[in-house]
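**Student:** This is the structure I have questions about; it appears just below.
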Amino acid sequence: MARGVTPRLFSLTSHSVKSKYFEFLSGGVNGNIVKVIKITPFRNQEGIYNLGFWDKNLETDGLDDKVITNNGDIDKVLSTVAFTIYEFFDEFPDALVYLSGFIDSRTRLYQINISKFIDLITKDFDVLGELENGFERYKKNDNYLEFVKKQKYACQLKL
């Protein structure tokens, strides 16, 4: 979803003034599910943020990042998550955003979708993947532990 591209997104029902908290309603084969995205400071390191992604339990108001929804709308959900990253960088253009799945299969899902859209993503972002021995510029078909995104026009990352 490069700037100027109009993807299919879910409508964000709420978000913070500083673009760090987002909610949207995923409507699919398993019904309506509230999704929550939080972008929070990472390990008290200035300028580095963690992107967390959950389903909201409306009975307890709790958040669950282990649930597998299988709502049949993954492309639209991940496009909506990507949109929030753009919103976040509008407020925090010099930040780094760190993304990892709670379980290996979730990280793999993120990697599959980053790979699918890497040519589009890299028009606006530098993307790094973490291996056992450190970070490298993202390459398709490499298996990564985590991912980091940085806006290109704010500052190029050196490897």
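**Student:** Only residues in the stretch 139-152 that are more than 21 Å from I103 (Cβ to Cβ) count as the first member; pair them with residues that are modelled with pLDDT under 80, Cβ under 7 angstrom, at least 6 apart or cross-chain, and list the lot.
**Tutor:** Taking only residues 6 or more apart or on different chains, the pairs are K150/L157.
**Student:** Looking at the stretch 17-55, which of its residues are more than 19 Å from K150 (Cα to Cα), of a type in the set (V, I, T) and outside any loop (DSSP other than H, G, I, E, B)?
**Tutor:** I33, V34, V36
**Student:** Let me ask something else. Scanning the stretch 63-107 for residues that are over 17 Å from N32 (Cα atoms) and in contact with a Gly (Cβ under 7 Å, 6 or more places away or on another chain), which turns out modelled with the lowest pLDDT?
**Tutor:** Taking the candidates together, the pick is T107.
**Student:** Let me ask something else about it. For G134, work out the one condition from (1) closer than 23 Å to P41 by Cα; (2) modelled with pLDDT under 85; (3) among the small types (G, A, S) it doesn't fulfil.
**Tutor:** In the conditions (1) closer than 23 Å to P41 by Cα; (2) modelled with pLDDT under 85; (3) among the small types (G, A, S), G134 misses (2) alone.
**Student:** Quick check on L120: is it assigned to a helix (DSSP H, G or I), touching a helix residue (DSSP H, G or I) at 6+ places or on another chain (Cβ under 7 Å) and of a type in the set (A, V, I, L, M, F, W, C)?
**Tutor:** Judged against the criteria, L120 is not a match.
**Student:** Please find, among D90, D75, the residue that is under 14 Å from the mean Cα position of the chain (by Cα), touching a residue at least 24 places away in the same chain (Cβ under 8 Å), exposed (fewer than 14 other Cβ atoms within 10 Å of the Cβ) and assigned to a helix (DSSP H, G or I).
**Tutor:** D75
The values are calculated or read from the model by the stated rules, or taken from the named source; none is laboratory data. Remember, predicted model here, so these are calculated numbers, not experimental data. For neighbour counting, all protein chains shown are included, and Cβ atoms are generated from backbone atoms with ideal geometry for every residue, glycine included.
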